[in-house]
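The values are calculated or read from the model by the stated rules, or taken from the named source; none is laboratory data. Just so it is clear, the structure is predicted and the values come from calculations on it, not from any experiment. Every residue, glycine among them, receives a Cβ derived from its backbone with ideal geometry; neighbour counts consider all protein chains shown. Only protein heavy atoms, including side chains, enter the accessible area calculation; ligands, DNA and RNA are left aside. Shrake-Rupley method; radii C 1.70, N 1.55, O 1.52, S 1.80 Å.
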Amino acid sequence: MELQQDSIIVSDRLQALFDFELRNCFTHAFVTDGECVMKYSGEEVRMVKGDCVIIIANHLVTEIQPTENFRAKVIFIEPGFMEACTPHTSYGIVGGMTMFINPVMHLGERDRWLCEHDFDEIIRRIRKPHQSFQGDAVMAATQMMFCDFYEFHAHLYGQPEISALTASVMKRFIDLLERGDYRRNRDVAYYADKLCVTPKYLSEVSKKLSGRTAGFWIDRYATIELTRLLRDKRLSLTDISDQFGFSSQSHFSRYVQKNLGVSPSDFRQ
C-alpha cells in the first residue's frame, strides 16, 4: 500500500526507505506487529510491536531484517514539509539529537494508542483527495503527530529547561555539521569560532542538550561518512584521506582506528 499527498508518503513497507526517491525523506514508523532488527549507523537496533521509530537520515540504515509477521505503518516526509510542520520549540533539538543516536522509542500503553491514532489520522486525511482543504488538514494532522512525539520523548527522557540562546548555538552547530564541515574540520575550536563562543561553552551546551560532547558529534558525523566511503571499493584509501584533509596516511589510519576500532584496510576486508 502506498498513498501520497504532495510531500508526504504513507506506506506499509519500512524497506521503502532504501528507494532512491525517498533517500532524503524523514522516516516515521509505528510497529503494529512482529519485530525487526535494522543496522543503523553500524549498530543493530531492535524494534517491536508498539514502538515508534523516527529516522532522520535514511542513509544511516544499511540493513533491515524483519520477522515474517512484521507489520508497520510508515510515513515518509520530505524536508520542506517536515520543516513547515515542526512545532516552533527548542525541544525539537533535544529530541532530534536523541533520535539521531537511537531512532526507536519504546512507548507505554497510553502513548502507543495515541501514536497509532496519529498515523491513522494522517492516512485517513490522505485517502480523501477531493477535500477542499486537504493540504491544510494533512499539515495539521502532521503537526499534531509531531507534538505527540515530543510528549512521548519527554515521558521517556524528561524535559530539560532550554534557553533560546542555548538552543540557537546547538542548532547552528548541527547546521555546520550537516553542511559537511566535518570533512575538513574536526576540531571543536573551529566550530566554537564560527559560533562566536568558547570551545568549553560549546561542549557544555552539547552535553546539556544531547548528553554528548561537541567532539562526539563531530566524530560521529565524520565516521558515518568515512564508513560509507570505505565501503565504496572504487575509492582508494588515498582518495578518502584527501577528501577529509588528513595531513598524512598515518594520521588518517590513526583516526579510523580510534573511531571505527580497525584500520582502514582491515575495515575493507
Given (1) touching a helix residue (DSSP H, G or I) at 6+ places or on another chain (Cβ under 7 Å); (2) loosely packed, with under 15 Cβ neighbours inside 10 Å; (3) at pLDDT 90 or above, where does ARG268 come up short, assuming only one miss? (3)
Looking at the range 63-74, which of the residues that are part of a strand (DSSP E or B) and either of a type in the set (S, T, N, Q) or at pLDDT 95 or above (or both) is surrounded by the fewest Cβ atoms within 10 Å (Cβ to Cβ)? GLN65
For the range 172-223, which positions are part of a helix (DSSP H, G or I), open to solvent by 30 Å² or more (accessible area, probe 1.4 Å) and either touching a His at 6+ places or on another chain (Cβ under 9 Å) or closer than 22 Å to GLY261 by Cβ (or both)? ARG183, PHE216, ASP219, ARG220
Collect the residues in the range 125-149 that are of a type outside the set (Gly, Ala, Ser), assigned to a helix (DSSP H, G or I) and in contact with a helix residue (DSSP H, G or I) (Cβ under 8 Å, 6 or more places away or on another chain), keeping them in residue-number order. ARG125, ILE126, GLN134, VAL138, MET139, THR142, GLN143, MET144, MET145, PHE146, ASP148, PHE149
Does the range 155-162 contain at least one residue that is crowded, with 17+ Cβ neighbours inside 10 Å, out of contact with any Asp or Glu (no Cβ under 7 Å at 6 or more places or on another chain) and touching a residue at least 40 places away in the same chain (Cβ under 8 Å)? yes
